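Please treat every number below as a calculation from the coordinates, not as lab data. Owing to the predicted nature of the structure, the values given are computational and were not obtained by experimental measurement. Quick reminder, even Gly has a Cβ in these numbers, built from the backbone with ideal geometry, and neighbours come from all protein chains shown.
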């Protein structure tokens with residue numbers, strides 16, 4: 001038996017007190033501050049659910065076409081999405097999709113600048129690496145509890161949890177991609193007198209793009225994986241269907257919803273991969 | 001005036017270069033510094049002047065610091081100590097923004113592995129320097145097209161770099177460097193990644209361009225043949241130290257130490273040296289209007305058997321002693337009717353070719369320049385000496401470690417005697 005040097009209770013109590021204090025003092029302020037985010041989430045949700053189904057399918061096909069320039073590919077993507085509707089999961093899919101899109105957008109907006117900072121400054125890198133490790137390995141329920149306490153059950157808490165869980169890959173791969181840029185190309189840019197900004201946007205980011213796209217792809221996949229957990233804090237969607245299936249021992253319902261998540265994942269994965277591949281082809 | 005001048009440059013790589021600077025100044029060896037401090041000595045006390053309008057080659061093996069040195073000129077690397085002057089301006093004193101402008105306008109650079117932007121077209125790459133300068137797209141594309149044409153790449157402008165062969169990619173790099181119209185061109189092992197045939201072609205192209213553009217070119221290479229072919233001057237680095245800086249002939253004829261000499265071992269001297277290096281001391285020239293008696297008298301006075309005769313600056317022929325005697329006997333007014341034709345070789349002809357000619361005929365050979373002007377008479381002994389002997393070999397006493405002048409003097413002296421012998425043979 002390991003001797004009890006510090007009582008666990010003594011360690012836990014201040015943390016509990018801190019979170020409780022935070023909830024008591026600041027939850028109103030925080031909610032007011034994050035209201036625009038919530039509005040955005042609700043707007044995205046309404047947009048996807050109220051648009052006619054064929055319009056959504058057309059948009060997805062359009063994006064697939066832009067990514068691949070292949071007709072067969074974009075028709076296949078449209079058909080997959082149509083199949084989701086055909087097995088009665090349209091509504092749930094759109095709810096999941098809207099949360100995911102917003103979460104991925106936030107992850108990218110947050111992740112790319114952080115990745116750039118990590119690649120540019122050594123101290124940012126050494127500070128961020130352990131933080132990323134924590135984000136990736138800490139069980140999500142651990143931060144789900146305080147997030148729910150602060151923001152209530154619902155979309156907003158789900159968004160935060162998803163972003164925390166999904167942002168590390170895009171950060172890591174942005175950092176890696178920039179550091180892997182051929183030093184001679186960067187040196188050439190410097191030798192011709194390019195400013196720091198020009199080096200970043202003209203050389204480093206474009207050359208790191210295949211890696212960044214791989215990061216966005218991973219981020220998307222992880223965001224999707226998070227939707228089942230998000231359903232536990234009251235977000236409707238495919239994850240909720242799975243949860244209902246479990247709760248009521250309806251294997252078929254759970255399986256179909258699970259397959260729905262897989263189908264969404266495949267659509268996202270293939271489209272983002274095609275984007276990355278086309279970048280790579282031009283850059284090879 | 002010197003275009004680039006570096007004075008007492010030191011470069012120490014590592015976390016605390018300043019701490020070990022004085023040790024390096026006092027002559028601590030590279031190995032000792034590495035062992036005691038973990039710092040690498042990049043450059044030690046380099047002072048070098050690079051004249052405008054020439055190709056200055058900086059040569060050395062890998063790790064000799066040549067790429068480090070060239071990056072000091074545009075401050076891609078900052079020195080640990082020392083001064084860098086470009087057109088008299090201290091580059092170290094430039095603020096970041098000024099440095100950007102300086103790089104945009106004063107210097108451009110060509111890289112060993114090309115350094116092209118893979119996601120941009122050939123045209124965009126060639127126009128890169130101009131884009132950085134802020135030139136409008138239409139104008140910079142027009143200029144870039146012009147330079148792509150100059151390097152023989154018209155028709156490829158819409159391609160991406162990876163679609164081109166190595167030689168073509170480097171031409172894009174060259175066009176990019178030339179497009180900015182900078183007076184100074186830094187070339188870092190620019191042709192080293194190319195196969196020998198293409199490399200030779202690129203060297204020719206560079207020389208042809210240089211003949212028209214008259215840039216100041218600093219060319220880095222590890223290949224002595226390339227250095228001798230391109231350089232007006234060659235600086236040789238070893239372990240971060242400048243060992244010798246001189247003309248190709250200086251290097252070849254009086255290497256500063258054994259290290260350089262070992263380099264020279266495999267050089268085909270007959271190819272590198274040309275007829276102009278073997279021109280003898282100008283013995284005696286006459287003109288068409290010289291009185292025969294006067295000519296005979298001068299030949300006799302110098303003990304020569306023949307003399308070159310000039311018509312203006314051109315070579316008209318050679319006057320043999322017998323013919324001069326005949327002219328006197330016939331009472332001719334001048335020597336113009338008594339000349340014998342004299343074969344000539346252009347000054348740029350390689351000594352290996354010259355040697356072949358000398359073996360075919362015992363007659364004297366004149367050396368003429370591109371315009372056909374007479375430069376002098378070829379010295380047989382000098383040809384043989386240049387092609388065969390190592391300067392530190394049998395003539396070692398004269399040349400080893402010494403400045404080129406005494407060596408030259410020694411060989412002219414020898415040649416004087418040889419010349420008259422040749423004359424007698426004819």
- Message: At a 10 Å Cβ-Cβ cut-off, how would you order A:9, B:44, B:25, fewest neighbours first?
- Response: A:9, B:25, B:44
- Item | Taking region B:307-361 and dividing mean pair separation by its residue count, relative contact order in percent (alpha carbons under 8 Å, at least six apart) | 28
- Task: Compute the separation of the alpha-carbon centres of region B:241-268 and region A:186-250 and state it in Å as a whole number.
- Result: 59
- Shielding by partners, peptide B:75-81 (average Cβ within 10 angstrom, other chains): 1
- Determine, from the Cβ-Cβ distance of residue B:47 and residue B:262 and an R0 of 22 Å, the FRET efficiency 1/(1 + (r/R0)^6), rounded to the nearest 0.05. 0.35
- Expressed as a whole number of Å, what is the distance separating the alpha-carbon centroids of region A:80-94 and region A:102-131? 35
- Semi-axes a, b, c in Å (a largest) for chain B, each sqrt of 5 times a Cα gyration tensor eigenvalue, come to 49, 28, 18
- Task: Assuming R0 = 30 Å, can you tell me the calculated FRET efficiency for the pair residue B:370 and residue B:181, based on Cβ-Cβ distance, to the nearest 0.05?
- Result: 0.60
- Task: Partner chain Cβ atoms within 10 Å, averaged over the residues of B:104-112 - can you pull that number for me?
- Result: 3
- Item | Which of A:6, B:260, B:9, A:42 has the fewest Cβ neighbours within 10 Å, and the rest in rising order | A:6, A:42, B:260, B:9
- Query: Tell me, what is the percent relative contact order of chain A, built from C-alpha pairs under 8 Å that lie six or more residues apart?
  - Reply: 22
- When you count, for each residue, the other Cβ atoms within 10 Å and take the mean per peptide, how do B:326-337, A:211-222 rank with the highest first? A:211-222, B:326-337
- When the label point is put 7 Å from the Cα of residue B:340 along its Cα-to-beta-carbon vector, which residues of region B:358-373 have a backbone N closer than 20 Å? B:358-368
- Query: What order do you get for B:266, A:269, B:204 when you list them from fewest to most C-beta neighbours inside 10 Å?
  - Reply: B:266, B:204, A:269
- Here the gain from full extension of residue A:50 to residue A:30, 0.36 nm per residue of separation minus their alpha-carbon distance, amounts to 4.3 nm
- Item | Whole-angstrom Cα spans of the protein assembly as shown along principal axes, big to small | 136, 64, 42
- Message: Could you tell me the center-to-center distance, by alpha carbons, between region B:181-200 and region B:326-381 in angstrom?
- Response: 39
- Task: May I ask what percent, to the nearest 5, of DSSP beta bridges between residues of the protein assembly as shown are antiparallel?
- Result: 55
- chain B, relative contact order in percent, only Cα pairs under 8 angstrom and at least six apart counted: 15
- Query: How many partner chain Cβ atoms sit within 10 Å of a residue's Cβ in peptide A:178-185, on average, as a whole number?
  - Reply: 3
- Cβ-derived FRET efficiency at R0 25 Å, residue A:137 paired with residue A:5, nearest 0.05: 0.50
- Give me the angle, in degrees from 0 to 90, between the Cα long axis of helix B:96-105 and the longest principal axis of the Cα atoms of chain B, rounded to the nearest 10. 40
